[in-house]
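Engineer: First the structure, then my questions, so here it is.
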Amino acid sequence: MTSVSTIGQSTFLNSQLLNIESQLNDLTNQVSSGKKSATFSGINSVSQLSLQLNSSLTVTNGYLTNISNAQTLIAPIQNVLQQITDIANQLRTDSLVASSDALPVTQGNATLQAEATDALNQISSLLNTRVGNTYLFGGRNTTTPPMPNFGSAANASSIAGQVAALQGANPLTTATPSGDQLYNAIQNFLNNGLTRTTSTGATVPSPFGYTGETGEPGGSDFRFSTAAGAAAGATSITVSQGFDLPTVGQYIEFGTLPPTNAAYQVTAVNQATRTITFARATSPAVTALGPSTGLDAAIPANTSVNVTSPSWVTTVSANGANSADTTFPGVTAAFGAGVSSVTVPKAGDYSVGETFKFANDAANTYQVTGLNTSTNTITFQTTPGALPLQNPVPSGTQITPLTGPFSGTAGSTQMVVQTPANYKVGDRISLSTDPANTFYDVTAVNGDAITISQVPGGGGLVNPITTATAITVNHSYQAGTNVVNVGSTTGVTAGMTVKFSNSNINYTVASIVSPTQIQVVPLGQSQGSGLETTMPPSEPIPGQQITASFGTAIQPLSVQIDNGVSLQYGIPADTHAIRTVLGAIFALATTNLNTTTQGGFREVAARAAADLQTGSREVSTVASTLGVKQQTLDATKTRLSDFTTTLQTQLSSLNDVDMASAVSQLTETQTQLEASFKLISSLKTMSLANYL
Amino acid sequence: MTTATSLNGALLIAASGLQANQVGLDVVSRNVANAQVTGYTSKTAPLESIVTGDANAGVRTLAITRNVTEALLRQLQTSNSVNQQMSTQSAFLQSFQNNFGQPGNSTNLAAQIGNLQNALSALTVSPDDPTAQTQVISTAQNVTQQFNLVTQNLGQVRQQADAAISTSVTNVNTALNQIFTLNNQITALQARGESTADLQDQRDNQVNAVAKEMGITTAVQGNGAMYVYTGNGTTLLDSTFAANSSPVTFTPTPVVGPNAAYYPPPSSTFGGLSGISVGGVDITGAIQGGNIAGDLNVRDNILPATQSQLDELAAQLATKFNTNDLQLFQRGNQILPSADTVTNVGGVATGGNSITVQSITNLSVGMSLHFGSQPNTTYLITGINTGTNTLSFVQQGTTTGLTAGVAQDEKVTFGPAIPQITTGAAGGALGATTLTLADAIGAQTGMRIQFLGHSAIYTITNVAAGPPQQVTIQPDGTGVGLQAPVAAGEGIRILPPVIGLAGYANNITVNTNVINNPWRVRDGTRVQTPSTLTGNNTLPTNLVTMFNALQTFTNNTKLATSATLVNFGSSAIAYQANVTATTKATLDSATTIYNSLNRQFLDESAVNVDTQLSNMITIQSSYAASARTITAIKQMMDELEQAVR
């Protein structure tokens, strides 16, 4: 039999007792703290899981807070959009009344003008809404109010006053502008004519006086400014800050460089002297500009310099193939004397009552008595005399109209064309009778008569034109066009911003259609709308080419709502929808009957009503898109809340002790300990020494 | 038929019985008195019959012996070593566990990094809100404080382990001297044939004291002396042992910094933490079991692993922020240059070893650099041309340049210099390729050295047998041999065999430039003035994305190399938790084995009072019987006398 040593027994009992006491201690800690262990080693098998779940929980709770914060920002935006829609709808109703008002116009005009002026400034203050210190409608520029006070027509220095002055100054080519022309001029001024000041003191163009974020290459993100001025043609500048200068190969733009807002490529940077050497961005424009690779124009000191990496510049080419037109070719067959009708290429070019001569017969004048557009036959008789054809005409004999708007004399600003459908306002034409590089812009198309203006400088025809004069038409981009031809799309990606040198409006590249074509939408708009103003054809006047400058994509306001999920919610005040509404209201608020005819005002009112309808629909679309995002937020919030509940349950199962089992174990261990105590005390008496 | 014996003879026999019983009672009383003394073994006084001629002449007591199974005793000592090792290791690790807080709360490092991520996430909603910006900075400060605190505590625990080794070594030396003294006493007694049992008990106690500190083996010699060896056979005590000597040596380090490491031979001459030596031979690696093994494991393996994990995490955290244009963290008060870009037109091809950057402010030779396209390859700046802003560099650990080409405008981030150790060298002329080192620095082929005051980096390509050590060097540049003469005794920097980020976690702080300009958490540290785009959340969004993305970590941290920043932190904590729990489990089983062996040993060898008491009764009755025999003999003698009268 194994012997039992006295010290062995007591050591053993001691260690067993300590063991039970340690268990008891652990259980007491568990029951009092509710946790399985005070250290991660105590839950070793699940410690990593516990830590990871805990960090997931923290991050998810963060996202939930973000969503709540985003909701408090989006709700006011919705509210503002709704109010703008309401204002637009009310004004539209009133404009419709004014556009067909039988009352004395002064009465309706004054009321509507007052209402529109109020509406302008109401919308301006709505767009300056802020939550906390954050302006909601300035894009990512959240610390300055994005919209100015528009003032009123009576206040000449206010924006509304400047718009009203357009009528007095009459910047239009016609002496008495029509309502349409006035309306167009107002929109053009608001979109392109206003200037604003950046935080660095530079002046940059801004549609509607918007001071929020316009992004590259609009030029709101200036990094440094020139220390000294530089003359036109200069190839280097010195800047006032040496920090974060551009690197060789990047592009820079200057804050004030009309008319093309040209970009220059950096060729060298001297860090020590803060000198940047550059060359005019390599594009076809440079070649056309001649030998100079330097500045297009002089820049003053303190001009802001914007690094537009990866911006680059390319020229815009005409919209589609150029087409040729010829005035009135002759008869299509030979006709003998005595006939009273001939066939022509297009009978629609003629009208009954119009008089003409045949090129081979200067003596007789004929008048059109009838025409058949399906057979392209015109019926005529001499005037006076009412006789048939007096002399035979060979095939191809030219016909010279004598009546109507046509005038072929030098200095004339009107001419008749064979296919008027081929011409749009903004197209640029050249004539075979003129010296090279003489161009005219089409300023109006009225039936087969077009109004022209020589570019640059204005004025009519240089040389008289004949019926044989060939016309080359360079097509413009009409407002709404969304595909633009450019010199090259290398380096351009969808999402980049693009700005054309004839306008201050920023667009987004929606897609690359072909290596020389891009699809554009106004910044902040979705698919569907194209150019906001008509863009003249780029070529071919040297120095007058339209260039397209590309910049990095502009991110709207956004919020992280889940891992890798960012929700974009910001609506900049210069979005197309709001501009359309504001533009219409400006027209109503500034049109003055003293310089506008009653008919003209009604045209303006009709245009405004139409734009207000379009604009308020677009605003509603924007609002409903935002509504979808609100729903996304709600759904994400619900999902993440459920997720946190799951996480908490899991974490609790990892970290927290099962109270019932811990308490029962505690009781059990206590009993065990008590039993051990009894055992020890009974062992004390169990010694032979007690019995001797 | 036995030879008749006289009454006198019987009396003598009885007297011998009385004597033997007295000795027996003496042993019993000693056993009972020492029953509760640790290390005391039960003694027995064996009896032997005295035989004269062919007749029994009584009984006598032999030398007192102890009842010990030596094999069991040795096993117990080994088990004691293992138990002690695990016990000390577990105690240190348990105390270190407190640095990571309680499961479920958010005070631990991983949770703090998660809070930073959250603060950045909140900044995406309101990038213009100064409170949200400040929140990012304060959570970043919490992260750096947690890094600093944990690594400081880690250093303290390592220092405590280092100090504990010193105490243990003193204990070992003391015990060895005791054993030496006892050996001498035992051999003397044994030579005289006297009992050595009590001295053996004392000696075993001292052997246990040594075994508690480090695993040993012992061998008892024929003369009774005991020799002591380490687990791998290095002699601690034999016939050559000198009295009052300290055969085991160790030098404690007063402050154990994050870079402090023990370098095994031959690199131990680099300096660093002390190893354990016997007679000048480093036996650190051979120590198995005991407090010392536990302390060494804590000091040199377990905590440095966590240190490297924390350093790697701190460095990656700082680097990832840097590559996102926000230099949120810096190392100590060192002003790190912000990220720059490669300005070489067209970039630099594979193998290239110089780049031009925009600014060389704050750059110095020795600093590390990373390219945006090769985030996991470290290069070291070997030269700076201040006129052209050109940096020359080599890939860390090699003499070669770029492992892959870099593009123009590619981002370059700069890191701290690699910590280096200084030693001395003999001189060398320009172009020399062979140098004689002034002292045995443990040079090894492949080691990279740099002479103080010179920017060139050389690689040791050959080491001739020394001392003195003759090394062949090869410059990292294009030239052959020394690119500048070096003087005799000139200092050499040597890359130690640890990764270059050591101590990052200890020094990481939040960039004061960011603290003073909170808007930088939105706009980054590359711009000079706050952006007008106050609602621009691009940077915070990118940073949140960075936190959600898997990052690549170096593969020498014992953790997975691919993890998010937060999860790497979790893994580091879980790694420690696992080591601690495993140690605890090993300790529990080692303790069970030890207790069981101890019980077995004690039951076999220690005193059972009841047995002793029953022995006493036996001795008493035997004594009574002997006494009665004497009484009977006396009566017989008296009667004989009467009869004669």
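Read the figures in this text as sums done on the coordinates, not as results from a lab. Owing to the predicted nature of the structure, the values given are computational and were not obtained by experimental measurement. Don't worry about glycine lacking a Cβ; one is built from the backbone with ideal geometry, like all the others, and counts go over all protein chains shown.
Engineer: Within a 10 angstrom radius of the beta carbon, how do B:Y594, B:Y227 rank from fewest other beta carbons to most? Spell out each step's value before the answer.
Structural biologist: Numbers: B:Y594 23, B:Y227 17.
Fewest to most other Cβ atoms nearby, the residues stand as B:Y227, B:Y594.
Engineer: Still on this model: Would you list which lysines come within 25 Å of B:K584, measuring only between C-alpha atoms, while excluding same-chain residues fewer than 8 positions from it?
Structural biologist: Result set, ordered by chain and number: A:K35, A:K36, B:K212, B:K558.
Engineer: How much net charge surrounds A:T443 when only the other residues with a Cβ under 14 Å from the Cβ of A:T443 are counted, with Lys and Arg +1 and Asp and Glu -1?
Structural biologist: Values: positive: A:K424, A:R428; negative: A:D180, A:D427, A:D441.
With Lys, Arg at +1 and Asp, Glu at -1, the net is -1.
Engineer: Separate question: Residues of B:611-620, mean number of Cβ from any other protein chain within 10 Å of their own Cβ, rounded to a whole number?
Structural biologist: 2
Engineer: Now, a different point. Multiply the residue gap between A:I680 and A:N61 by 0.36 nm, knock off their C-alpha separation, and tell me the result in nm, one decimal place.
Structural biologist: That works out to 217.3 nm of additional length.
Engineer: Quick one: if the Förster radius is 45 Å, what FRET efficiency do A:A386 and A:V97 give, using the C-beta to C-beta distance and rounding to 0.05?
Structural biologist: Computed FRET efficiency for A:A386 and A:V97 comes out at 0.30.
Engineer: I've got another one for you. Specify the angular offset, from 0 to 90 degrees and rounded to the nearest 10, of the alpha carbon long axis of helix B:538-548 from the longest principal axis of the alpha carbons in chain B.
Structural biologist: Approximately 30 degrees, to the nearest ten.
Engineer: Given R₀ = 25 Å, what would the calculated FRET efficiency be for B:V220 paired with B:L47, taking r from the Cβ atoms and rounding to 0.05?
Structural biologist: E(calc), rounded to 0.05, equals 0.45.
Engineer: I would also like to ask the following. Quickly work out the B:T461-to-B:V278 label distance, labels modelled 7 Å from Cα along the C-beta direction, and quote it in nm with one decimal.
Structural biologist: 4.3 nm
Engineer: For A:M659, B:M86, what ranking results if the residue with the fewest other Cβ atoms within 10 Å of its Cβ goes first? Provide the component values of the computation, followed by the final result.
Structural biologist: Working: A:M659 11, B:M86 25.
The fewest-first ordering by Cβ neighbours comes to A:M659, B:M86.
Engineer: Now for a separate question. Quick one: net charge around B:A164, please, counting Lys, Arg +1 and Asp, Glu -1 for every other residue with C-beta under 11 Å from its C-beta.
Structural biologist: Net charge around B:A164: -1.
Engineer: Something else about it: Could you work out how far helix B:197-213 tilts from the main Cα principal axis of chain B, as a 0 to 90 degree angle to the nearest 10?
Structural biologist: Computed tilt is about 10 degrees.
Engineer: Taking the simple approach of a point 7 Å from Cα along Cα-to-Cβ for both B:A560 and A:S3, what is their distance in nm?
Structural biologist: The two pseudo-label positions are separated by 6.0 nm.
Engineer: So, one more: Within 10 Å of each Cβ of B:561-570, how many other protein chain Cβ atoms are there on average?
Structural biologist: 3
Engineer: Enumerate the aspartates and glutamates that A:K424 could reach by cross-link, defined here as Cα to Cα under 13 Å, with residues fewer than 8 away along the same chain left out.
Structural biologist: Cα-Cα hits under 13 Å: A:D441, A:D448.
Engineer: Fewest Cβ neighbours within 10 Å first, please rank B:L391, B:L76 accordingly.
Structural biologist: Details: B:L391 25, B:L76 22.
With the fewest neighbours first, B:L391, B:L76 line up as B:L76, B:L391.
Engineer: By per-residue mean of other Cβ atoms within 10 Å, what is the highest-first order of B:347-354, B:95-102? All intermediate terms of the calculation are to be shown ahead of the outcome.
Structural biologist: On the way: B:347-354: 15.2, B:95-102: 19.6.
Highest mean packing first, the order is B:95-102, B:347-354.
Engineer: What's the angle, to the nearest 10 degrees (0 to 90), between helix B:130-192's Cα axis and the longest principal axis of chain B?
Structural biologist: The answer is roughly 30 degrees.
Engineer: Shape verdict for region B:367-408, please, from the Cα gyration tensor: rounded (a/c under 1.5), prolate (a/b greater than b/c) or oblate.
Structural biologist: oblate
Engineer: May I pose another question? Tell me which residues come under 5 Å, amide H to amide H, from B:G352 once H is placed; ignore anything under 5 positions away on its chain.
Structural biologist: Here the answer is B:L402, since their amide H atoms fall under 5 Å of that of B:G352.
Engineer: Starting from the Cα gyration tensor of region B:102-246, take the square roots of the eigenvalues, sort them a ≥ b ≥ c, and report rounded, prolate or oblate (rounded when a/c is under 1.5, otherwise prolate if a/b is larger than b/c, else oblate).
Structural biologist: prolate
Engineer: Quantify how strongly other chains surround peptide B:588-600 by giving the mean number of their Cβ atoms within 10 Å of each of its Cβ atoms.
Structural biologist: On the way: counts 1, 0, 0, 2, 2, 0, 1, 5, 1, 0, 5, 7, 2.
Taking the mean over all residues of the peptide, I get 2.
Engineer: Still on this model: Taking A:K637 as the anchor, which lysines have their alpha carbon closer than 25 Å to its alpha carbon, excluding any fewer than eight residues away along the same chain?
Structural biologist: Reachable lysines: A:K629.
Engineer: Report the local net charge at B:T284: Lys and Arg +1, Asp and Glu -1, summed over other residues whose C-beta lies under 13 Å from its C-beta.
Structural biologist: Taking every Cβ under 13 Å from that of B:T284, the sum is -3.
Engineer: Put a dot 7 Å past each Cα toward the Cβ at B:S621 and A:A479; how far apart are the dots in nm?
Structural biologist: Roughly 13.2 nm, to one decimal.
Engineer: State the extension gain, in nm to one decimal, for the chain segment bounded by B:T170 and B:L62, taking 0.36 nm per residue of separation less the distance between their alpha-carbons.
Structural biologist: In short, 34.9 nm is gained.
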